[in-house]
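Okay, structure first, notes after.
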Amino acid sequence: MTPTRRLCLAVSAAALTGLAALPCLAEVQLFQPENVKAWADVRLSLSDGERGWRDGGFGKTRYGGDDVGAHLAQAAVVWQPRLADTVTAHIIAQYVPDSPRSDSPSSDANEAFGIEEAFVKWKPVPTSAIRYSLRAGQFFPPVSLEHDGAGWTTTRTLTPSAINSWIGEEVLVQGLEGNVQAQMGDHGLGLTLAGFTKNDTSATILTWRGWALHDVTAAESTALPLPSDLPGLPRSQAMISKPLAEVDGRLGYYARIDWRPPVPIRVDLEFYDNQGNPEIVRNGQYGWATRFYNLGILYQPASDWEILSQYMTGATAMGGTVDKGARAFEIRYDSIYLLATRRFEDGSRLSGRFDAFAVKDLSWRKRDDNTEKGHAATLAWMRPLTEHLDMAAEVVHVQSFRPARVAQGLDPRQSQTQVQVALKIHL
Amino acid sequence: MKAVFPSLIVLLAAPAVQAADLSVTVNDAGGKPVSFAVVTWTPKAGAAIPAAVKSAQYVMTQKNVQFAPFVLAVPVGATVSFPNQDRVNHHVYSFSPAMPFQLPLYGKGQTRTVTFTKAGTDALGCNIHDSMSAYIHIVNTPYFATTGADGKIVLKGVPEGAGALKVWHPLMDAPDHEVAKALTAGKTNAPQTFAVKVRARLTPNGSY
């Protein structure tokens, strides 16, 4: 190791702990074209069915009710400055003008501007078959197989699966994550461990609104609306949920293992536990004891075909113990999807996905029944038109059963269809 | 083309030795041609690598956030250049025992070189782009070539005598990713065919 390299490593470590990375100036690169990405994603949408979840309904898609219109879905800037040769920062700033707004006077107005991810990453150059990296800041835990585009975006469909829609809206953390990758013969193995703060409210929306399929992603300023007229809601609960609230001062954690066998398959398994204290409420935000397992499989049967699948099973609980040891609000949740994508020479992708989802309510069902069952079918076509313009068209159809809809005077069984045409203009 | 060039030089440089061409086809178990297989002929008596073969141009390009070619065969002593044709910076490295090295961040239009002094295989990576992967196979013989899409190569000017014909591929399901045949090269040589098992790999999609 040369003295310069040693110095760079020391500086890299310093950068991670928040100190300035002034030496290694040769490697600092802040505003070159490769450090900045930006886009505006404009949609024409047509949807039917029940009131949208962002307007206080139980709707399952981004645009709910009888909506026809043009929307700016998201404008975003991704800045990835290089602070040293092995240290980068990664910041996603987004503007979502029609972000969920709460009608509750007690809530803060939801900000259209927000920071989705913001972290510093240290990735030393591998000197053996064991590679490692560290990141610190705000990020989505690595669960989604679908969000492999720049700035945590999807690349096969406009609308992510139910599982990854939920990750995007309610599973955003601030913490420290370490990753180790090793090559054992022909098999690649990876281990990721993270400790985090915030995200104590994770699964509030999943419990009271249920699963949904949409691409509105959380930022530090996000406030997600609860459905109106919920009969069993505690009085101290605000009508919005803030995914980045810290309520109980406890650390959460997640772990992930990766397996890359010598065939075109990748397998990953995650366990997440926010270790929330279910009996604490602060500023209208309750702590929820939320945990889940997620299994992901990516398979390439041929170089132009991809099969993706994830299965998630989890549970959450909030409130005091009521009956049979269950807490006042306690559910188990499950979802699975299977997605197939065909890639064409011109860069276009045709994808079909089937989602199934369910919530089992374990307590107080007479007063607050959060049972849910449903499935969805998605067909999407995405295509780059020019270097700076992508086009996409998508249909999502969701059928679901949720007894809580009765409180809003609705039939528990609902179906919803959303058609979107998207133009994404990017740098 | 790179493989033909050094072999031609061998032909010109060693007129006293009787030599003939040796053509080799590499197929997979299903009979489909295998590309990126490195075929080598190593005479039992050994063979010096002429200076002109060592000093030929060997290039591993970075383009579209990929290495090209996926497999590059070079003789011991060769210098490989690593031009970056991408808009983005790359940080090329290898921790393979044959020749561990790293080329810290460099950008479009710039190039770096590495000289490979030991036979073996270098697996290449980029510390910025995990999906980039390629191999440099360093051989200790002047008789080598890499198969194209048709799975065929011709080793020019193979000298008469006993030797080993080897096929190496980074994803071959065989010890050291290599299979070998003992042969005696003559004034003419019968075409050789190998049926090898090569694993499929995940192809990176890049980002949009």
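Nothing in this text is a laboratory measurement; each read-out follows from the coordinates by a stated rule. Everything quoted here is computed from the prediction, not taken from an experiment. With ideal geometry, Cβ positions are generated from the backbone for all residues, glycine too; neighbour counts draw on all protein chains shown.
A few remarks follow.
- In plain terms, the chain from A:Leu44 to A:Asn283 could stretch by 82.3 nm, reckoned as 0.36 nm per residue minus the Cα-Cα distance.
- Per-residue HN-Hα couplings for the stretch A:289-297 [Karplus 6.51, -1.76, 1.60; θ = phi - 60°; Hz; x = Gly/Pro]: 7, 10, 8, 7, 10, 9, 10, x, 9
- Applying 1/(1 + (r/R0)^6) with r as the Cβ-Cβ distance of A:Asp411 and A:Trp259 and R0 = 51 angstrom yields a FRET efficiency of 0.70.
- The long axis of helix A:3-16 is offset from the longest Cα principal axis of chain A by roughly 20 degrees.
- Interchain or long-range residues, amide H under 5 Å from A:Val36's placed H: A:Gln80
- Cα centroid separation, the stretch A:161-212 to the stretch B:67-95 (Å): 35 Å
- Tail beyond 19 Å, pair distance distribution of the stretch A:204-263 (Cα, percent): 51 percent
- Cross-link reach list, lysines versus A:Lys360, counting only Cα pairs under 29 Å and skipping chain neighbours closer than eight places: A:Lys60, A:Lys198, A:Lys242, A:Lys324, A:Lys373
- Dipole magnitude (debye, nearest 20) for chain A, charges at Cβ of Lys, Arg, Asp, Glu: 660 debye
- Exceedance of the 19 Å cut-off in Cα-Cα distance is limited, within the set B:Lys44/B:Lys166; B:Lys63/B:Lys156; B:Lys118/B:Lys156; A:Lys37/A:Lys424; B:Lys32/B:Lys197, to B:Lys63/B:Lys156; B:Lys118/B:Lys156.
- Here the calculated FRET efficiency for A:Gln275 and A:Ala326, from their Cβ-Cβ distance with R0 = 25 Å, stands at 0.85, rounded to the nearest 0.05.
- Summing charges over neighbours of A:Ile205, with a neighbour being any other residue whose Cβ is under 9 Å away from its Cβ, gives -1 when K and R count +1 and D and E count -1.
- GNM top mover of B:Pro159, B:Pro170, B:Pro50 - chain B, alpha-carbon springs below 10 Å: B:Pro50
- Sorted largest first, extent of chain B alpha carbons per principal axis (Å): 54, 40, 26
- At R0 = 22 Å, FRET efficiency that the Cβ-Cβ distance of A:Val36 and A:Arg383 yields, to 0.05: 0.35
- Amide H contacts for A:Ala245 (H built 1.01 Å from N in the peptide plane; partners 5 or more residues away or on another chain; cut-off under 5 Å): A:Asn199, A:Asp200, A:Thr201.
- Label-zone membership for the stretch B:86-113, site A:Val28, 7 angstrom Cα→C-beta point, backbone N under 17 Å: none
- For chain A, a Gaussian network of Cα nodes joined below 10 Å ranks A:Ala136, A:Ala326, A:Ala89 by mean-square fluctuation, and the top entry is A:Ala326.
- Karplus-derived HN-Hα couplings along the stretch A:387-400 (A = 6.51, B = -1.76, C = 1.60, θ = phi - 60°), whole Hz, x at Gly and Pro: 4, 10, 9, 10, 10, 8, 9, 8, 10, 10, 10, 10, 10, 8
- A simple spin-label model places the labels of B:Asp150 and B:Leu202 3.5 nm from each other, with each point 7 Å out along Cα-to-Cβ.
- Cβ-placed point charges (K, R +1; D, E -1), dipole of the stretch A:138-293 about Cα centre in debye, nearest 20: 160 debye
- Within the protein assembly as shown, helix-based [θ] at 222 nm, where runs of 4 or more DSSP H residues each add -39,500 (n - 2.57), nearest 500: -2000 deg cm²/dmol
- Within the same chain, aspartates and glutamates fewer than 8 places from B:Lys152 are excluded, and of the rest, those with a Cα less than 19 Å from its Cα are B:Asp21, B:Asp28, B:Glu178.
- Dipole magnitude for chain B: about 200 debye, using +1 per Lys or Arg Cβ and -1 per Asp or Glu Cβ, origin at the Cα centre.
- Computed across the stretch B:48-140, the Kirkwood radius stands at 13.1 Å (inverse of mean 1/r, all Cα pairs).
- Integer Hz, Karplus 6.51/-1.76/1.60 couplings in order for the stretch A:75-85, x for Gly and Pro: 10, 9, 10, 10, 10, 10, x, 9, 9, 7, 5
- The GNM of chain A, with springs linking C-alpha atoms under 10 angstrom apart, assigns the highest mean-square fluctuation among A:Thr159, A:Thr386, A:Thr341 to A:Thr386.
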